[in-house]
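Comments concern the structure below.
The values are calculated or read from the model by the stated rules, or taken from the named source; none is laboratory data. Here the structure is a predicted model, which is why all the values come from computation and not from measurement. As a convention, Cβ positions derive from the backbone with ideal geometry for all residues, glycine included, and neighbour counts pool all protein chains shown.
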Amino acid sequence: FTSRSYTALVKSYGLKQEFITPYTPQQNGLVERMIRTLKEQCIHRHRFETLQHASRVIGDWIQFYNHQRPHQALDMKTPAQAFT
């Protein structure tokens, strides 16, 4: 998650990277769960033709995940609703 290309992609979405505290598996579990959800609900359901196609589809899914998809852990609010 620290390569130049990944960091540039994150910045292009207007996001800021935050890293977990080293040696804290409790925090790592949150990240791992989000990545699993991304794979199950987005990546495994598409056959990407190009990097641009993958970037668009994943970007759209992240928008959906943060602004439309209710989260049980957030009392069925979206992250955008919960953190504003």
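A few notes on this one:
- Some residue of region 30-39 being in a helix (DSSP H, G or I) and more than 12 Å from the chain's Cα centre (by Cα): no
- Taken across region 8-17, residues that are small (Gly, Ala, Ser) and touching a residue at least 24 places away in the same chain (Cβ under 8 Å) do not occur at all.
- Of all residues in region 1-29 being modelled with pLDDT of 90 or more and charged (D, E, K, R), the one that is farthest from the chain's Cα centre (by Cα): Arg4
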